[in-house]
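Derivation of every value follows stated rules applied to the coordinates shown; laboratory data play no part. What you are looking at is a predicted structure, and each value in this text was computed from that prediction instead of being measured. Neighbour counts run over all protein chains shown; Cβ positions are idealised from the backbone, glycine included.
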Amino acid sequence: MISQTKISVRYAETDQMGIVHHSVYPIWYEAARTEAIKKIGITYSALEKNGIMTPLVELNSKYIFPAEYEDVLTIHVEISKLTPARIVFDYQIFKPGIEKPINTGSTVHAWVGRDLKPINLKKQFPDIFEKISELANR
């Protein structure tokens, strides 16, 4: 399933040239990822209360076309891979008037416990793994 989140570019997110700074895109990925998870009735805070952490282990971002102050962007996010140990999200950011994405990216997150040791989400939290599987398979 592709989840969509709208983001309006704030002035503070731009550089001296009026272009969105590269460091902002991972923040937008996180906002879109958080909204996608909420759509299946799970929040990151609920995962953490259950002792499930999702540290970032890899980040990729390709900058294709600039975004600027006050652009209203649409971020598409989908789960491209889900295993009992990891989850991979893919992102595409679209700007009005441009047919192709202006940015593409991906993040890889591990499933770990509070002690930051890997867990098997499918075995330890089968109900949560099933809900996330539903999102991945839509």
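From its DSSP helices (H runs of at least four residues, each -39,500 (n - 2.57)), the chain gives a residue-normalised ellipticity at 222 nm of -7500 deg cm²/dmol.
Under the definition of Cα pairs under 8 Å and six or more residues apart, what whole-number percent is the relative contact order of the chain? Walk me through the intermediate numbers first.
Numbers: 261 pairs, mean separation 38.6, N = 138.
After rounding, I find 28 percent.
So what's the net charge close to residue 85: Lys and Arg +1, Asp and Glu -1, counting the other residues with Cβ under 15 Å from its Cβ? Don't skip to the answer; put the middle values down first.
Details: positive: 81, 86, 117, 122, 123; negative: 58.
Net charge around residue 85: +4.
Neighbour counts of other C-beta atoms within 10 Å: give me 15, 115 arranged from fewest to most. Walk me through the intermediate numbers first.
Working: 15 12, 115 8.
Taking fewest neighbouring Cβ atoms as first place, the list is 115, 15.
Relative to its residue count, the chain spans a Cα convex hull of 108 Å³ per residue.
Fewest neighbouring Cβ atoms within 10 Å first, the residues 17, 53 line up as 17, 53.
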